[in-house]
Amino acid sequence: MAAQRQPSERTLESSFAGRSVSFNYSDTWVAYSIVGLRLVMAWVFLQAGIEKLAEGGFGDPVAWSSAGYLNNAVPEANPLSGLFLWFSEFAAVVDPLVVFGQILIGLALLAGIFFRFAALMGSVQMLFFWTAAWQGGLAAGFPVDNGYFIDSSFVYMLLLFGLAAWGAGRIFGIDGILEQTDIVRSNPWLRYLLG
């Protein structure tokens, strides 16, 4: 009977906020969790983009458009409401950026290709969604629909940051293959987009 391989345990030693940090972790379970979170975030973006695209073509009055949200859903008490009203004037540009951005980000996260760049673009989109959800400013505690400061967009933004930091595109992703190519080896700056 073959011996079962036990998940290996490693120790991470780093510094955080000027203090030494050390903890044990299972590299096997970390890999599974990273791939799982990557797939979940890919689904979040793909589903959102495909739903918007399925609502109809751009310019169709019943199709999805950012203008309705930007003009009506961002509260006046939001300190950035003027910025979002300005964005609404450019819905013809914003709409395809949101829809096709979400689809492309979702596909890149799913395939693990140009993962860090896709995660950055997803984080930027989540930053805009999060700030648009503020129902007031600092004095009000940055309230959002279900509490203060934190909503799903904020959580997604942090998840994308963590996945990019771990290099999630390398685990069962195309980035792991791309990083072995001569092009990437001779242009190390490309690693900032991959991983």
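What would the Debye formula give as log10 I(q)/I(0) at q = 0.08, 0.14 Å⁻¹ for the alpha-carbon point model of the chain, no solvent?
-0.36, -0.95
What are the equivalent ellipsoid semi-axes of the stretch 79-189, built from the alpha-carbon gyration tensor (square roots of five times its eigenvalues), in whole angstrom, biggest first?
The three semi-axes for the stretch 79-189 are 32, 17, 11 Å.
If each residue's Cβ is checked for other Cβ atoms within 10 Å, how do E179, E9 rank with the fewest at the top?
Lowest count first: E9, E179.
Hey, got the dipole for the chain? About the Cα centre, +1 on K and R Cβ, -1 on D and E Cβ, debye to the nearest 20?
Dipole size: approximately 700 debye.
Run the quick spin-label model on F90 and F172: label points 7 Å from Cα toward the beta carbon, then report their separation in nm to one decimal.
3.9
When only Cα pairs under 8 Å and 6 or more residues apart are kept, what is the percent relative contact order across the chain?
20
Putting +1 on Lys and Arg Cβ atoms and -1 on Asp and Glu Cβ atoms, find which of F142, I174, L109 reaches farthest to the positive end of the dipole of the stretch 30-192.
I174
Can you put L160, L138 in order, fewest other beta carbons within 10 Å first?
L138, L160
Among D27, D182, which comes first, second and so on when ranked by fewest other beta-carbon atoms within 10 Å?
D182, D27
Values quoted throughout were computed directly from the atomic coordinates according to the rules given, and no laboratory measurement underlies them. All values reported here derive from a predicted model rather than from experimental measurement. FYI the Cβ positions are ideal-geometry reconstructions off the backbone, even for glycines, and counts take in every protein chain you see.
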